[in-house]
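I have placed the structure first, in the form of structure tokens, so that the comments after it can refer back to it.
The values are calculated or read from the model by the stated rules, or taken from the named source; none is laboratory data. What you are looking at is a predicted structure, and each value in this text was computed from that prediction instead of being measured. So basically every Cβ, Gly included, is an ideal-geometry build from the backbone, and we count neighbours across all protein chains shown.
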Amino acid sequence: MTPAPLLEVENIQVAYGDVQVLHGISLQVQQGEIVTLLGSNGAGKTTTLRAIAGLRPARAGAIKYQGASLSARAASHRAQMGIALVPEGRDLWAQLTVQENLELGAYAKSARPKAAASLDRVFTLFPRLRERRRQLAGSLSGGEQQMCAIGRALMIEPKVLMLDEPSLGLAPIIVEQVFAVIRQLHSAGITILLVEQNLKKALDVADRGYVVETGQIKIQGSCAELSANEAIRAAYLGL
């Protein structure tokens with residue numbers, strides 16, 4: 001028997017004002033998986049992550065975590081439950097130090113007592129952040145800012161880590177480092193939902209994927225199946 005999914009999205013519809021962006025997205029993420037959302041810009045991938053995090057309300061449908069509905073849960077409560085989002089563009093507090101940004105990641109009541117230990121774990125994962133701990137976040141390089149954004153999300157000890165375009169704007173060598181970190185976090189038991197513009201990297205690291213087009217899931221399958229799909233290879237991989 002297939003175990004119940006850790007995270008389940010059922011036919012959600014999301015709009016920005018009068019513009020509907022998601023037209024019935026459904027997906028599942030099992031405990032311990034890396035699942036990737038693929039698709040062109042504007043397809044609805046970021047909106048899906050924001051809806052799961054509680055930053056954008058769904059007009060219809062359901063989002064369940066560990067079998068329980070999240071519809072009445074605020075974003076802050078979802079974070080306390082173990083759902084963390086690393087947003088596209090990082091969204092750091094530029095005028096605060098690296099350490100202050102990380103410590104603010106432990107704002108959830110459940111995370112505060114363990115903030116010191118969590119901070120040490122983040123510094124162990126990202127030694128560069130320990131070196132830059134007193135530096136303003138806005139003065140970091142793009143790669144260092146991405147490390148800080150991921151580290152901030154890890155401060156709540158997430159069970160589900162959602163990453164929105166983690167390699168965006170980074171040099172190839174830094175992209176390799178970011179994906180090495182994703183693999184390391186996965187090996188540590190964190191379930192990951194990944195939106196990534198580098199589709200080859202995403203398909204290489206993930207277990208399964210969903211292709212999103214105009215707010216709907218068009219294709220789903222294992223990453224091996226998606227990589228072999230001629231339509232996907234032509235439309236998204238340029239092959």
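Brief remarks on what is shown
- So residue 50, is it basic (Lys, Arg) and in a loop (DSSP other than H, G, I, E, B): no
- Residue list for segment 127-143, filter: without any contact (Cβ under 8 Å) to a residue 40 or more places away in the chain and surrounded by 21 or more Cβ atoms within 10 Å (Cβ to Cβ): 129
- Verdict on residue 78 being basic (Lys, Arg) and either more than 19 Å from the chain's Cα centre (by Cα) or more than 30 Å from residue 104 (Cα to Cα) (or both): no
- Residue 65 vs. criteria over 24 Å from residue 205 (Cβ atoms) and of a type in the set (Ser, Thr, Tyr): no
- Odd one out for residue 89, checked against (1) assigned to a helix (DSSP H, G or I); (2) within 17 Å of the chain's Cα centre (by Cα); (3) in contact (Cβ under 8 Å) with a residue 40 or more places away in the chain: (1)
- Scanning segment 83-92 turns up at least one residue that is buried (at least 18 other Cβ atoms within 10 Å of the Cβ), more than 17 Å from residue 147 (Cα to Cα) and either at pLDDT 95 or above or of a type in the set (D, E, K, R) (or both).
- For segment 184-217, a tally of residues being out of contact with any Lys or Arg (no Cβ under 8 Å at 6 or more places or on another chain) and part of a loop (DSSP other than H, G, I, E, B) returns 9.
- One residue from 153, 149, 180, 202 being of a type in the set (Gly, Ala, Ser) and either farther than 19 Å from residue 85 by Cβ or over 16 Å from the mean Cα position of the chain (by Cα) (or both): 180
- Scan of segment 15-47 for residues that are charged (D, E, K, R), assigned to a loop (DSSP other than H, G, I, E, B) and either in contact with a helix residue (DSSP H, G or I) (Cβ under 7 Å, 6 or more places away or on another chain) or closer than 22 Å to residue 200 by Cα (or both), ordered by number: 33
- Filter result (surrounded by fewer than 17 Cβ atoms within 10 Å (Cβ to Cβ) and of a type in the set (Asp, Glu)) within segment 183-228: 204, 207, 213, 225
- Residue in segment 148-171 that is at positive phi, touching a Ser or Thr at 6+ places or on another chain (Cβ under 7 Å) and surrounded by fewer than 19 Cβ atoms within 10 Å (Cβ to Cβ) present: yes
- Within segment 15-46, if we keep just the residues that are among the β-branched types (Val, Ile, Thr) and touching a Gly at 6+ places or on another chain (Cβ under 8 Å), the residue that is surrounded by the fewest Cβ atoms within 10 Å (Cβ to Cβ) turns out to be 21.
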